[in-house]
1. Determine the relative contact order of the chain: mean sequence separation of Cα pairs under 8 Å and six or more apart, normalised by residue count, in whole percent.
2. Can you compute the modelled spin-label distance between residue 27 and residue 69, with each label point 7 Å from Cα toward Cβ, in nm?
3. Can you give the FRET efficiency for residue 185 and residue 103, using 1/(1 + (r/R0)^6), R0 = 35 Å, r = Cβ-Cβ distance, to the nearest 0.05?
4. Calculated from the structure, P(r) over Cα pairs in 5 Å bins from 0, in percent equals which of (1) 1, 7, 11, 13, 11, 8, 6, 5, 4, 3, 3, 3, 3, 3, 3, 3, 3, 3, 2, 2, 2, 1, 1, 1, 0, 0, 0; (2) 1, 7, 14, 15, 13, 11, 11, 10, 8, 5, 3, 1, 0, 0; (3) 1, 7, 16, 20, 22, 18, 11, 5, 1, 0, 0?
5. Taking a ≥ b ≥ c as the square roots of the Cα gyration tensor eigenvalues, with a/c under 1.5 meaning rounded and otherwise prolate when a/b beats b/c, else oblate, which class fits region 53-106?
6. What nm value, rounded to one decimal, do you get for the distance between residue 168 and residue 136 when each label is placed 7 Å out toward the C-beta?
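Each value in this text was obtained by applying a stated rule to the coordinates, not by laboratory testing. Being a predicted model, the structure only gives us computed values, none of them experimental. Here the Cβ positions follow ideal geometry from the backbone for every residue, glycine too, while neighbour counts run over all protein chains shown.
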């Protein structure tokens, strides 16, 4: 696997399976984004960040009454520095989701394009070992934008993740069924922040 592919693979890890490895500690605002984030009449504060290599930056935001281990809504802002295209991004993510779908019928996705940006709307889940019960369902709206400024050339990801858990799974899926376009509109209309790498 080339270095470029390794970085892309890291950038596109599905959040449901990567969040488990997070730990608390000092949180750095690597992207210099004025906070907190205001979205859908709620306030989200930076609670976790990572800069695992020189080209990749990841920041996560939660409402003050939420917990990373069991959130209902999480805001993510990622940036990967380098000479990438949005097609690189979408192809990689779709390939990942298609792989998951082979063993998990809950997995589903759609791709939307708007003014040169892409939105990937997808659902994933963590199921019981026998596959008969959904333990966690996660709906993600990923908005990708190509950044072309010389100092910050790369791909910006602005995303919202919503989760349902075993005890409220019916409510989660009913809400998803009745309000499927609302979150797409919220993410698509959000004024993306300017980033400045430290």
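1. 19 percent
2. 1.7 nm
3. The formula returns an efficiency of 0.65 here.
4. The calculated read-out lines up with (3).
5. Since a/c reaches 1.5 but b/c is at least a/b, the shape of region 53-106 is classed as oblate.
6. Distance between label points: 1.5 nm.
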